[in-house]
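Peer 1: Next up is a structure, given as structure tokens.
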Amino acid sequence: MTGSPARTLLLWCPDWPVLAAEIVEGVPATGPVAVLHANRVVACSERARAEGVRRGLRKREAQGRCPQVTVVEHDPGRDARAFEPVVAAVEELVAGVEVVRPGSCAVAARGPSRYLGGEEAAAERIIEHVAQSCLVESQVGIADGVFAAGLAARAGRVVAPGGTPEFLAGLPVEALGRSALADLLRRLGVRTLGDFAALPAGDVLARFGFDGALAHRLAAGRDHRPLAVRQPPADLTVTGEYDDPVDRVDATAFAARALAEQLHDRLAGHGLACTRLGIEAVTAHGQELHRVWRHDGLLTAAAIADRVRWQLDGWLSGSNGRAGARPARPSAGIIRLRLIPDGVIAQAGLQAGLWGETGEERERAHRALSRVQGILGPEAVVTAVLGGGRSPADQVRLVPWGDERLPARPDAPPWPGRLPAPAPAVVLPSPLAATVHDAAGEPVVISARLAVSAPPARLVVGTGQPAEIVGWAGPWPVDERWWAPVEARRRARFQVSLADGAALLLAVEAGQWLVEAIYD
């Protein structure tokens, strides 16, 4: 916290919460508008101020002073989203922007003042550019440090180098933005920042604490931290434009490989690798095509080129036939191709297999499945992922080929009522209705306390022939979501073996027996 503050240029947009409400929600900022948080006004329009509305007023008092005021709830997310284009416009002229809060951003003044012709010329250029790009009025202040630059922006001033303490000295203590501290200082007879800065630093720390000590440094023109500049995200997207529309796969193969190598080189230059690839194409008739390819490893230049070629083959080799056939072919050739690295991670390489490479068989299978997926869509090829659950159907989740293989339910916590090993070999998509009888021919029923009326002896599945039960185990009760009557399920499962060697998983629910799965 030592050293003199750097010259700082700060751009400030007056009444930004009001402007953000106009940009996002269409509330006219030219009328009387008040933005409320916790039933108090935090910002208001110029028209509302002319009617007597001020910050800190309660909602009822603000409406009493201006009955026609439009009340808008404070939304920091809305303010930040609306301010992003303004920051992007500033970044078109200068680098290293710090967003102080929605409505104000700061940058070191040294660079812009050099290549824009001085500090005042840089301020005018930035204000003009923001007005033309975003249709937003703003003010710029330049001083030593972010705090002083913010106060200078409200006055539209450029404070001379070294003149910041003198500029701050005459301002009231309310300029610190700490209402409780300002009220206490006024009761003690300290009314300006100059009076506050003249107090001994040790006494301020002992009397007002750490936050008071930070405010004391600001009042003296010494910022407690340097600028925390924002790093704009690197543009990693590559685009190819074609004067003649391309409608054949072989004609786009060379262009696709060149784009793939360009994308791979751009990623490598930033130390990144791609795990998800977005492919966008625009036809001569304006039709837009989009597909995202995923990979369980890192996409190399050849892998990117292969996926682009497969996707173009799927698009350009489509069918205009009857419904239910392959996807329709675009009505015109492709004039623009764009590759977007949708998922990037730090380049760390891939670990080879135990005996060297992962194997050509695995790569051939991956190519075949990815090709089918490119033609029929991402949901056409799925793979199973095991997870937690009580029934075999709950423990399996089908995910599209190449997607992250994450289970639907974690397997770590215990699952009361879960079936013991081994797992069934075949899980029926729809359980089959069945009946179970005892040795006397009476139906076997399960009581509410899970008592079995008699040992199961015969099983009839649907309208089939009776089969003799030679062994059984259970019940395994399941009482799920009993607190939600619409979703509640109560059932019991049994494992039975038949005389012909078959083994089945049965469930009884609401008095009805069902065949859920078959053991191998």
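Peer 1: So for region 18-175, what percent of the C-alpha to C-alpha distances run longer than 25 Å? Write out the running numbers ahead of the final one.
Peer 2: Values: 4889 of 12403 pairs.
Distances greater than 25 Å cover 39 percent of the Cα pairs.
Peer 1: Once the Cα gyration tensor of the chain is found, what semi-axes does its equivalent ellipsoid get, as square roots of 5 times the eigenvalues, in whole Å, sorted largest first? It would help to have the intermediate numbers written out before the result.
Peer 2: Details: eigenvalues 838, 280, 113 Å².
After diagonalising the Cα gyration tensor, the semi-axes are 65, 37, 24 Å.
Peer 1: Treating only the Cβ of Lys, Arg, Asp and Glu as charged (+1, +1, -1, -1), what charge dipole size does the chain show about its Cα centre? Round to the nearest 20 debye. Each step should come with its number before you reach the end.
Peer 2: Values: 56 positive and 59 negative charges, 279 e Å.
Approximately 1340 debye in magnitude.
Peer 1: For the chain, what's the relative contact order in percent, using C-alpha pairs closer than 8 Å and at least 6 residues apart?
Peer 2: 8 percent
Peer 1: Please list, ordered by chain and number, the residues whose modelled amide H lies under 5 Å from the amide H of Cys44; skip anything fewer than 5 residues away on the same chain.
Peer 2: Amide H neighbours of Cys44: Val35.
Peer 1: Still on this model: Tell me, Kirkwood radius of region 379-457 from alpha-carbon pair distances, in Å?
Peer 2: Details: mean 1/r = 0.0638 Å⁻¹.
One over the average 1/r among Cα pairs gives 15.7 Å for region 379-457.
Peer 1: If you don't mind, there's one more thing I want to ask. Lys/Arg Cβ at +1, Asp/Glu Cβ at -1, dipole of the chain taken about the Cα centre: which of Val385, Ala34, Ala301 is farthest positive-ward?
Peer 2: Ala34
Peer 1: What part of the accessible area of region 1-63, given as a whole %, is carbon or sulfur when the probe is 1.4 angstrom? Could the numbers behind the result be given before it?
Peer 2: Working: 1640 of 3330 Å².
Answer for region 1-63 is 49 percent, counting heavy atoms of protein chains only.
Peer 1: Kindly give Rg over Rh for region 386-520, based on alpha-carbon atoms, with the Kirkwood expression for the hydrodynamic radius. Write down the numbers at each step before the final one.
Peer 2: Numbers: Rg = 16.0 Å, Rh = 16.1 Å.
Result for region 386-520 is an Rg/Rh of 1.00.
Peer 1: Across every pair of different alpha-carbon atoms, what Kirkwood hydrodynamic radius in Å does region 85-166 reach? Walk me through the numbers before you get to the answer.
Peer 2: Details: mean 1/r = 0.0787 Å⁻¹.
Final number for the Kirkwood radius of region 85-166 is 12.7 Å.
Peer 1: Helix-derived [θ] at 222 nm for the chain: sum -39500 (n - 2.57) over DSSP H runs of at least 4, divide by residue count, nearest 500? Walk me through the intermediate numbers first.
Peer 2: Numbers: 14 runs with 163 residues, N = 520.
It lands at -9500 deg cm²/dmol.
Peer 1: Given Cα pairs under 8 Å that are at least 6 residues apart, what percent is the relative contact order of region 426-491? Numbers along the way, then the final one.
Peer 2: Details: 81 pairs, mean separation 14.6, N = 66.
Relative contact order comes out at 22 percent.
Peer 1: Net charge within 10 Å of Asp250 by Cβ-Cβ distance, Lys/Arg positive one each and Asp/Glu negative one each, not counting Asp250 itself?
Peer 2: On the way: positive: Arg248, Arg309; negative: Asp313.
Here the count lands on +1.
Peer 1: What angle do you read, to the nearest 10 degrees and between 0 and 90, between the alpha-carbon axis of helix 16-25 and the longest principal axis of the chain?
Peer 2: It is inclined by approximately 40 degrees.
Peer 1: Over the residues of region 121-180, compute the C-alpha Rg and express it relative to 2.2 N^0.38 Å.
Peer 2: With N residues counted in region 121-180, Rg over 2.2 N^0.38 Å equals 1.27.
Peer 1: To continue, here is another question. Could you work out how far the C-alpha centroid of region 426-491 sits from that of region 30-52, in angstrom?
Peer 2: Here the two parts' Cα centres lie 68 Å apart.
Peer 1: Determine, at each q value in 0.25 (inverse angstroms), the log₁₀ of I(q)/I(0) that the Debye formula gives when each Cα of region 459-513 is one equal point scatterer.
Peer 2: Taking Cα atoms of region 459-513 as identical point scatterers yields -0.99.
Peer 1: What angle do you read, to the nearest 10 degrees and between 0 and 90, between the alpha-carbon axis of helix 146-155 and the longest principal axis of the chain?
Peer 2: 70 degrees
Peer 1: Can you pull the semi-axes for region 16-71, root of five times each eigenvalue of the Cα gyration tensor, sorted largest first, whole Å?
Peer 2: On the way: eigenvalues 55, 28, 15 Å².
For region 16-71, the semi-axes come out at 17, 12, 9 Å.
Peer 1: List the residues, sorted by chain then number, that are 5 or more residues from Leu227 or on another chain and whose placed amide H is less than 5 Å from its amide H.
Peer 2: Amide H neighbours of Leu227: none.
Peer 1: Turning to a different aspect of this structure: What angle do you read, to the nearest 10 degrees and between 0 and 90, between the alpha-carbon axis of helix 360-376 and the longest principal axis of the chain?
Peer 2: 80 degrees
Peer 1: Rounded if a/c is under 1.5, else prolate if a/b beats b/c, else oblate: with a ≥ b ≥ c from the C-alpha gyration tensor eigenvalues square-rooted, which is region 131-256? Kindly include the intermediate steps, with their values, before the conclusion.
Peer 2: Details: a/c = 4.23, a/b = 3.07, b/c = 1.38.
Prolate.
The values are calculated or read from the model by the stated rules, or taken from the named source; none is laboratory data. Every value quoted in this text rests on a predicted model; they were computed, and no experiment measured them. With ideal geometry, Cβ positions are generated from the backbone for all residues, glycine too; neighbour counts draw on all protein chains shown. Please note that ligands, DNA and RNA were not included when accessible areas were found on the heavy atoms of the full protein model with its side chains. Shrake-Rupley method; radii C 1.70, N 1.55, O 1.52, S 1.80 Å.
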